[in-house]
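Just passing along the structure, written as C-alpha cells.
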Amino acid sequence: DNGICFEPAFSRDVYYAKEFKEKEKHRLFFYARPNNPRNMYRYGVYLINRAIESGLLTDEKWEIYFAGAEIPEMKLDLELPIHFMGQMSWKEYAAFLRNVDLAISLMYTPHPSYPPYDVACSGGVVVSNKCFNKEKMDECNNIILGDLEETEFLKALQNGIELATNLKQREQNYENSKIKRDWDETLEPVMKFMGERI
C-alpha cells in the first residue's frame with residue numbers, strides 16, 4: 001500500500017549498437033569483479049579456461065577482455081592473451097560495449113544485475129546464469145541464461161558464441177528488444193504515486 005518499484009531504463013543516448021559487420025576476431029567481455037563474491041569471479045575464470053580447452057574459444061577467432069575493479073594480472077591455462085580494462089569511466093564503458101560481441105556476466109542472486117542489459121542494449125550477446133527464480137530474461141533474445149553446472153553452462157556459452165557470430169539474428173534480436181529505454185516512461189508511475197502522497 002505504501003511502496004512502489006520501477007524497472008531501470010537503458011538510454012539510447014548511452015547504450016546503442018555501432019554496427020553489425022563481419023570481423024576477423026570477435027571480442028569476449030568477462031565482467032570480472034574478484035572482490036564481489038556474488039559475481040563468482042574464480043568460477044568465471046575456470047569456465048573460460050574450460051571453454052578454451054574444449055575449443056569453444058580460440059585465439060584465431062576471439063579476443064578476451066576482462067573489465068571490472070581490482071582485477072589481478074593473470075594468465076589463462078592455454079595462455080590466450082587477456083586485455084585488462086580495469087574499472088572504466090561511464091563514457092569509456094559505453095564505448096567499449098559497442099565493440100563487444102559476447103559477454104559472460106555471472107550473478108549469484110535472483111537479481112539479473114545491469115551488465116546483461118548494458119551489453120544487449122549495445123548490440124552484443126550475453127551469457128549469464130540462472131539463480132533461484134531467475135530462470136529467463138524475456139526482454140531480449142540476445143540474453144541467454146545457463147545453469148551453473150559446468151556442462152550446462154558451457155552449452156549456454158556455445159549457444160552464445162553461435163548467436164554472437166550470427167550477425168543477422170543478433171541484429172534482429174537487438175531490434176526486437178523490449179528492454180526499457182526511456183526513464184520518463186519507467187518513472188512515470190513512481191512520480192504519480194509520490195505526487196498523490198505528497
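I'd like the full set of residues that are surrounded by 15 or more Cβ atoms within 10 Å (Cβ to Cβ) and of a type in the set (Lys, Arg), limited to segment 21-38.
Arg27, Arg33
What pairs come out if I take residues in segment 182-198 that are outside any helix (DSSP H, G or I) and pair them with residues that are basic (Lys, Arg) whose C-beta lies under 9 Å away, six or more apart or interchain?
Note: pairs meeting the criteria are Asp182/Arg12.
Taking segment 169-181 on its own, how many of its residues are exposed (fewer than 12 other Cβ atoms within 10 Å of the Cβ), among the charged types (D, E, K, R) and either within 13 Å of Ile143 (Cα to Cα) or in contact (Cβ under 8 Å) with a residue 24 or more places away in the chain (or both)?
Of the residues in segment 169-181, 1 are exposed (fewer than 12 other Cβ atoms within 10 Å of the Cβ), among the charged types (D, E, K, R) and either within 13 Å of Ile143 (Cα to Cα) or in contact (Cβ under 8 Å) with a residue 24 or more places away in the chain (or both).
Among the residues of segment 62-82, how many are closer than 23 Å to Lys23 by Cα, modelled with pLDDT under 95 and open to solvent by 40 Å² or more (accessible area, probe 1.4 Å)?
2
Take the residues in segment 83-98 that are in contact (Cβ under 8 Å) with a residue 60 or more places away in the chain and more than 17 Å from Ala32 (Cβ to Cβ); name whichever of them is surrounded by the fewest Cβ atoms within 10 Å (Cβ to Cβ). I'd like the intermediate steps shown before the answer.
Just the residues of segment 83-98 that are in contact (Cβ under 8 Å) with a residue 60 or more places away in the chain, to begin with: 90, 94, 96-98.
Checking the rest, the ones that are also more than 17 Å from Ala32 (Cβ to Cβ) come to 90, 94, 98.
Working: Trp90: 8, Ala94: 18, Arg98: 14.
The residue in question is Trp90.
Considering each residue of segment 47-59, count those that are open to solvent by 60 Å² or more (accessible area, probe 1.4 Å) and in contact (Cβ under 8 Å) with a residue 24 or more places away in the chain, and give that number.
Total satisfying the criteria: 3.
Also, quick follow-up: Would you say Tyr41 is open to solvent by 60 Å² or more (accessible area, probe 1.4 Å) and under 24 Å from Ala164 (Cβ atoms)? Outline the logic, then answer.
Values: open to solvent by 60 Å² or more (accessible area, probe 1.4 Å): no; under 24 Å from Ala164 (Cβ atoms): yes.
For Tyr41, the condition - open to solvent by 60 Å² or more (accessible area, probe 1.4 Å) and under 24 Å from Ala164 (Cβ atoms) - is not met.
Does segment 13-26 include one or more residues that are within 15 Å of the chain's Cα centre (by Cα), part of a loop (DSSP other than H, G, I, E, B) and modelled with pLDDT under 95?
No, that holds for no residue.
The values are calculated or read from the model by the stated rules, or taken from the named source; none is laboratory data. Since we're looking at a predicted model, the values are computed, not measured. In this analysis, Cβ positions are derived from the backbone assuming ideal geometry, glycine residues included, and neighbour counts consider all displayed protein chains. Side chains included, ligands, DNA and RNA excluded: accessible areas come from the protein's heavy atoms. Shrake-Rupley method; radii C 1.70, N 1.55, O 1.52, S 1.80 Å.
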